[in-house]
1. Over all alpha-carbon pairs of the range 106-230, lay out the pair-distance distribution in 5 Å bins, whole %, shortest bin first.
2. Which whole-Hz couplings ³J(HN,Hα) result when phi for each residue of the range 214-222 is put into the Karplus expression 6.51 cos²θ - 1.76 cosθ + 1.60, θ = phi - 60°, listed in order with x for Gly and Pro?
3. Run the helix sum for the chain: -39,500 (n - 2.57) per DSSP H stretch of 4+ residues, divided by residue count, reported at 222 nm to the nearest 500 deg cm²/dmol.
4. Evaluate the charge dipole of the chain about its Cα centre and quote only its size in Debye, nearest 20, assuming +1 on the Cβ of each Lys and Arg and -1 on the Cβ of each Asp and Glu.
5. PRE reach from residue 32 (point 7 Å along Cα→Cβ): which of the range 181-201 fall under 17 Å by backbone N?
6. Enumerate the amide H contacts of residue 34 below 5 Å, restricted to partners 5 or more residues apart or on another chain; note that Pro and chain-start residues carry no placed amide H.
7. To the nearest µm²/s, what D does Stokes-Einstein give for the range 52-181 at 20 °C and 1.002 mPa s, using the Kirkwood radius over alpha carbon pairs as Rh?
8. Name the residues whose placed amide hydrogens come within less than 5 Å of the amide hydrogen of residue 11, ignoring near sequence neighbours (fewer than 5 apart) on the same chain.
Amino acid sequence: MPPTAAAGYELDPKLPIGAQVYGLLKRMIIGLVFKPNEALSEKELALRLGVSRTPVREALIRLAEETLVDVFPQRGTIVSPIRVAEVMEAQFLREALEAAVTRRAAEQPSAALIRDLSRLIDDQHHAANAGRPEDYMPLDDAFHRTISEGTGMPRSWRLIQGVKGQMDRVRFLSLPNKAHLLLLTEQHAEIFKAIETQDPDRAEAAMRHHLKEVLKTIHELASEMPAIFA
């Protein structure tokens with residue numbers, strides 16, 4: 001199978017192709033390689049990725065369920081605009097779930113969880129100070145995923161993944177701002193300190209405060225780039 005020409009990614013023929021195609025297309029939508037309101041051709045995507053049309057079709061169905069694409073009977077598949085209402089709903093759902101998970105994490109954190117979170121915050125500091133936003137978003141996700149997995153609730157992160165796609169596009173747009181990356185890192189550090197010191201009230205409050213950050217930026221971004229927001 002030839003390597004994909006899509007944004008430098010390659011598909012590994014040794015791994016399930018369907019999952020890779022879905023993950024790749026999702027990253028390209030979140031990273032604005034595919035712009036909001038851009039038409040997506042199942043045939044052209046299959047050729048571009050070097051795969052059959054079946055995994056592309058299945059990936060687009062999943063992305064439609066996550067509201068990252070819209071499917072119209074006569075027009076085909078369109079990358080959805082960033083809908084402010086859906087971002088706010090996703091934020092509400094994510095905060096409700098992650099605040100509870102973080103509270104649980106702070107009640108009795110394992111040594112491995114403390115070690116892993118500390119390392120991730122160090123990595124985030126380095127990425128933010130070096131001005132490497134492309135490295136920061138995976139580290140951000142890893143921090144939140146590690147809390148869920150380290151608390152014995154990995155499915156909670158999988159549920160969050162299914163609703164936060166619209167949020168992620170807003171997050172991506174804010175990444176080039178170094179001051180914003182440093183602020184997010186400090187908020188992560190506050191969450192970490194609360195977990196480390198086994199303070200559930202502080203941990204929950206810090207996570208809720210952190211996850212509301214997207215609400216502070218979305219309206220500003222929408223006014224600056226109205227063509228990609230709805």
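1. So the P(r) values, bin by bin, are 2, 10, 20, 23, 21, 14, 6, 3, 1, 0.
2. Karplus-based 3J(HN,Hα) across the range 214-222 equals 4, 6, 7, 9, 5, 5, 5, 5, 5 Hz.
3. On the way: 11 runs with 159 residues, N = 230.
-22500 deg cm²/dmol, from helical runs alone.
4. Values: 29 positive and 32 negative charges, 107 e Å.
In debye, rounded to 20, the chain gives about 520.
5. 181
6. For residue 34, the qualifying residues are 29.
7. Numbers: Rh = 16.6 Å.
Using the Kirkwood radius from Cα pairs, D works out to 129 µm²/s.
8. Amide H neighbours of residue 11, under 5 Å, 5+ apart: 4.
The values are calculated or read from the model by the stated rules, or taken from the named source; none is laboratory data. Bear in mind that the values here come from a model prediction, so they are computed numbers and not experimental data. When we count neighbours, we look across all protein chains shown, and the Cβ atoms used for this are built from the backbone with ideal geometry, even at glycine. The accessibility values were calculated without ligands, DNA or RNA, using every heavy atom of the protein model including side chains. Shrake-Rupley method; radii C 1.70, N 1.55, O 1.52, S 1.80 Å.
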